[in-house]
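Chemist: Pasting in a structure now, in structure tokens, and then I'll have a few things to ask.
Just so it is clear, none of the values below were taken in a lab; they were calculated from the coordinates. The structure presented is a predicted model; accordingly, all values stated were derived computationally and were not measured. In this analysis, Cβ positions are derived from the backbone assuming ideal geometry, glycine residues included, and neighbour counts consider all displayed protein chains.
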Amino acid sequence: MSVRTPSSKPSEAPHRAGFACFVGRPNAGKSTLTNALVGQKVAITANQPQTTRHTVRGIVHRPDAQLILVDTPGLHKPRTLLGERLNDVVRTTWAEVDVIGFCLPANEKLGPGDRFIAKELASIKKTPKIAIVTKTDLVDSKALAEQLIAIDQLGKELGFEWAEIVPVSAVGDKQLGLLADLIVPLLPEGPALYPEGDLTDEPEQVMIAELIREAALEGVRDELPHSIAVVVEEMLPREDRPADKPLLDIHAFVYIERPSQKGIIIGPKGKRLKEVGIKSRKHIEALLGTPVFLDLHVKVAKDWQRDPRQLRKLGF
């Protein structure tokens, strides 16, 4: 008869902490997935490709693990210097994370862009790769099954095995918990890397600029998909305010590439820019938890996507 001693208690699973990044071609649902897992808006999302330009880290806190999500720009065949720099960001990120999640929309057949990325992934031998089938709320079960088989096949063709293939819907909150449960065991054992309550390590000014850019893109996605950059020049608390009624003054510039684009952003009688200000201010106040006065100006930075000096100035 065996006697159970304190030392023979089943040991608790060790705490894990590490980095996972979501990759995929532009508009595959990476940012929406990051926001849904973190439970708050930390990554800019818009309905047109190429909106994410900064590596946004969203932090998921769990009792058993801390999962830091790195959101990368979509890998694509670059046509500008900005495009090349964004691709370099993606490859550097892949080399440094513990798990790679490859996002493939359920409602689009695998295309050359997906193969281009999968081929790059095949060359990264050690890092486990999870295929995440996004936007499953947009297809029926037959189309989803076909997509899962095609993705499995893609890995085999390129000579690697997916650690998991997971269908999710960030919008419908389907299987997100399962996705996190499957990523966690692939992370290294270790203590939390960020304090409880932190959701991202992006500087506030960068996040504010991104929120303004998202609002600016909203109505002009067909006309100016990639031509907008935003720089927050300064953030200062208004001096003459009582302590219980603070106001933060934020001055920001919206940069475009050509004078002809100015009218599109500002709109008739400034209506468009005013809407951008109202919309982004609401998100900024929610992010900072304080009332904000937002001062927006539009400036032309000629062909900034192709000019190394301008790219540096605009933070790329």
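Chemist: Sort MET207, MET235 by Cβ crowding within 10 Å, fewest neighbours at the top.
Modeler: The most exposed by this proxy come first: MET235, MET207.
Chemist: Given +1 on the Cβ of Lys and Arg, -1 on the Cβ of Asp and Glu, and no further charges, what dipole in debye does the range 204-313 carry about its Cα centre, rounded to the nearest 20? Provide the component values of the computation, followed by the final result.
Modeler: Working: 20 positive and 18 negative charges, 89 e Å.
Using Cβ point charges on Lys, Arg, Asp and Glu, the range 204-313 gives about 420 debye.
Chemist: Using θ = phi - 60° and the Karplus curve 6.51 cos²θ - 1.76 cosθ + 1.60, what whole-Hz ³J(HN,Hα) does each residue of the range 21-33 get, with Gly and Pro shown as x?
Modeler: 10, 9, 10, x, 5, x, 6, 8, x, 5, 5, 4, 5
Chemist: Beta carbons within 10 angstrom, averaged per residue: use that to sort the peptides 293-304, 26-37, highest first. Write out the running numbers ahead of the final one.
Modeler: Working: 293-304: 15.8, 26-37: 23.2.
Result, highest mean Cβ count within 10 Å first: 26-37, 293-304.
Chemist: Follow-up question, since we're still on this one. Per residue of the range 274-282, in order, report the coupling 6.51 cos²θ - 1.76 cosθ + 1.60 (Karplus, θ = phi - 60°) as ³J(HN,Hα) in whole Hz, putting x for Gly and Pro.
Modeler: Result, ordered by residue: 4, 4, 4, x, 4, 5, 6, 4, 4 Hz.
Chemist: Exactly which chymotrypsin sites (Phe, Trp or Tyr not before Pro) in the range 69-167 are in a DSSP loop and have at most 11 other Cβ atoms within 10 Å? Don't skip to the end; give the middle numbers.
Modeler: Numbers: sites: TRP94, PHE102, PHE116, PHE160, TRP162; in loops: PHE160, TRP162.
Within the range 69-167, no chymotrypsin sites (Phe, Trp or Tyr not before Pro) qualify (loop, at most 11 other Cβ atoms within 10 Å).
Chemist: Taking the range 151-184, which GluC sites (Glu not before Pro) meet the DSSP loop condition and have no more than 12 other C-beta atoms within 10 Å? Please list the in-between numbers first.
Modeler: Values: sites: GLU157, GLU161, GLU164; in loops: GLU161.
Listed in order of number, the matching sites are GLU161.
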